[in-house]
Amino acid sequence: MGRARAPYSTQACTICRARKSKCDGLKPLCGPCRNSGRDNECSWGRDAETRKLRTGAHFEALQKRLDLLQNYADLLERSLANCVCQDVSLHLRFRPEMELDEPSEREAGESDSETLDSDDDITQELTIPARCLKFDDNLDGLVLHGITAPLRFGSKPLSKVLRITEVVETHDATYILHIDGVTLPDSQLELDWSRHLPPEVALDRAEHDNILGLAFKFLTPFSLAIVPSLFLRDMYRALSAPRSQIPPRTPHYSPMLHNSLLAVSATFSDNPYIRDSKTRQYFINVALDFLQAKCRKPDLSAVPAFAFLGTYYADNGDRILSDLFYGMSSRISMALGLGVDSAAWVNSGVMTRDESLARNWAYWTAFSEDVCSALYFGREFCGAGPRQGIPMPFVDEESDQIPWSHTPAISPRPNCLTLTFSAAASLFVIAREIIDTVTNLEHLHETITAERHVAKIDLELNSWKDRLPPELQTSSVNRDDSTPHRLMLHCQYWWCFIVLHRPFFNQHPQPIRESDQEVDHIKLCKRAAENILELAESWSSAYTLRYTPMTMLQVLFSAGTIFLLLALRATANLRVAQKSLHKALEQTDRCVCYLHEMGQTWKCAARTGDILQVLLHNKLGPIITRRLAHRGIPLSIATVTSFLSRTPTSLDREALNELPIYPQKRSPLCGDGEWVQAAGVLSPLDASIKPVDDWGSMLPGINVPGCFDDFRLPELQP
């Protein structure tokens, strides 16, 4: 018999690999190194120090090159210190031309063996490819190549990327908002702040800065669509450069972002001319002029820019355009690989740690916007969900201590922006799971299976709230002086409860297992809706609901649907619960009032308030009237006439007629005649009202998933 074959080693130690000899793979000391007396030299891993011989000429060349580069850097710093135009290209003539000596043949061989540890490396890369970030020369940044993309083999390896960070004259220079009586220095007064804004709009700097200030307080904080300090810093850099010069790299500012932000936030202005939709359209037109260039060479600023375009068109009722731009925001986030670990690029010096943190923030911004738009429209997601290993948003404790105030309502206090954003991101991870669950209810043929899954998510929501730091907790004591982003955080929390439990509103409470307590979905929905109403009341008294993000309208509408269902339930039995009926109708009316208050800013909020009022007047009214008459109860003693006789006033029939219809699907978990919306989220846009001559004849024209005469169990029939 022949000699037995030695054990196969998948990786050789650094010494055996350099000598190109066989290695038995024993760790930490292989057999060949032990036999040859190299006990202290045997090491493992690609990054382990290998035994290399470097000539004196090589070290001399390195030192000479280092001295030349140091002299060059000193020259640039002295020149830029006195430079006004910041044209660094003029200094390229001083760049040293000396190159490193070519390595010897032996050194080249050793370098090759270090670059490719073994034949197994390329084999593994071809057979088990991984998602990776690659540097794109045309983009001058990182792009993501998936596991099947051949282009990832054509990109520069990390070791060949040389990216020189631009020299900034001063890192403290920033755009100063001319608000709250701030006195601007001459350098700020001379700044070309309106360079990229539409010339058709008569906008002065005071009004411009006031709009940005309101946006940073009420529009952008919750999803951290814009980090004000980074936006204003890059805005100053971009606008202080001469028009004839190529603009510097500003990942947090772009003309497209500037205009799309103003198009949305101009609705906060007290000036009717600035708030007018025709005026805001000029900002949209300029933003769209940069669309192709931004798509061809996107950066971090593209993510919020497209999201703001989506918000603008959603407010106008343009569903398709809104969805399109929200989707583009998510896709750009995916293409740039914002959710992929970039630690290797930071360690190599190609990317700074601040850039890596900004990429992480931008990823969670895109994720949050995607979940919000899915909840708003009642649809599935545009982007992928968070993968395991993606860190949650970084909490910048230093920047969170910057005072936040809104005189005279709120005195200065720490802003806690990044802390709130981190908590919101973790909440949206749960919200995504909620939407996936409610969307697939028709595939869960067993009620117990669905109940168990809902109970699991319910536990996650409660655990999330229990883990909130004290700075983000709300109570009856501190609710009235909370920041808007803290109030919005809790509004979203209770909204998630409604979305999760509303599909089971008409089911009998039942234990998931014999030992479990019964899950009372009605009680949970009622508690969530009442908490939303309290938060909205605090917001209205402190800031007015004119200053809210657009998502707030869906929160209020969801609470209103629960109160409508509670009103129906109060009249379901032979003995009418008159107090419960009156309270539910009063709470519904408050939701309508709050939506109309929002409607001073958001047109879609006014439409949503009218939809809720139509449901109350034309859908709920006939059912309650019929039930009370069936039981011989006069309407007057039920005190419902004041609520059921009102008609919408802020939305005309043409606007209602433009509301789209969304698909409906019958849920196997509901009783006969009960419906859930296709995405499981009853959206205010899920009503389609045909043009008619009077409001009283609209009953047959309303098509609402979960029609309130059927959205109940059979025993609730009159």
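Model label points for residue 204 and residue 380, set 7 angstrom from Cα along the Cα-to-Cβ axis, are 5.3 nm apart. The charge dipole of the range 243-313, taken about its Cα centre with unit charges on the Cβ of Lys, Arg, Asp and Glu (plus for the first two, minus for the last two), comes to roughly 220 debye. Tell me, what is the FRET efficiency for residue 21 and residue 449 to the nearest 0.05, using R0 = 45 angstrom and their Cβ-Cβ distance as r? The pair residue 21/residue 449 has a calculated efficiency of 0.15. Each of 368, 202, 262 was placed along the dipole of the range 186-386 (beta-carbon charges, centred on the mean Cα), and the one lying farthest toward the positive end is 368. Site pair residue 473 and residue 633 shows an inter-label distance of 4.1 nm when each label is modelled 7 Å from Cα along Cα→Cβ.
Computed extension length for residue 179-residue 291: 37.2 nm, one decimal, from 0.36 nm per residue of separation with the Cα-Cα distance subtracted. The charge dipole of the range 288-395, taken about its Cα centre with unit charges on the Cβ atoms of Lys, Arg (+1), Asp and Glu (-1) only, comes to about 240 debye.
Extending 7 Å from Cα along the Cβ direction at residue 273 and again at residue 413 yields two label points whose distance is 3.9 nm. The listed peptides 320-332, 588-600, 494-506, ordered by packing as a protection proxy, come out as 494-506, 588-600, 320-332 (highest mean of other Cβ atoms within 10 Å first).
In plain terms, the chain from residue 348 to residue 40 could stretch by 108.1 nm, reckoned as 0.36 nm per residue minus the Cα-Cα distance. Near residue 346: Cβ cut-off under 11 Å, other residues only, Lys/Arg at +1 and Asp/Glu at -1. The net charge is -1. Under 5 Å between amide hydrogens, built in the peptide plane, is the criterion, and for residue 404 it picks out 413, 415 among residues at least 5 positions away or on other chains. Checking the table 297/603; 465/526; 278/603; 523/603; 465/579 against a 25 Å threshold on Cα-Cα, which pairs fail? With Cα atoms farther than 25 Å apart: 297/603; 523/603; 465/579. Other residues within the sphere of radius under 13 Å centred on the Cβ of residue 417, judged by their own Cβ, net out at -2 (K and R +1, D and E -1). Peptides 609-616, 339-346 ranked from most to least packed by the mean count of surrounding Cβ atoms within 10 Å: 609-616, 339-346. About its Cα centre, the range 186-386 has a charge dipole of approximately 400 debye under the convention of +1 per Lys or Arg Cβ and -1 per Asp or Glu Cβ, with nothing else charged. Farthest toward the positive end of the dipole of the range 170-282, out of 176, 189, 248, is the Cα of 248, where the dipole comes from beta carbon charges about the Cα centre.
All of the numbers you see were taken from the coordinates with simple rules; none came from a lab. These numbers were taken from a predicted model, which means no experiment stands behind them. Counting neighbours? That spans all protein chains shown, and the Cβs are built from the backbone with ideal geometry, glycine included.
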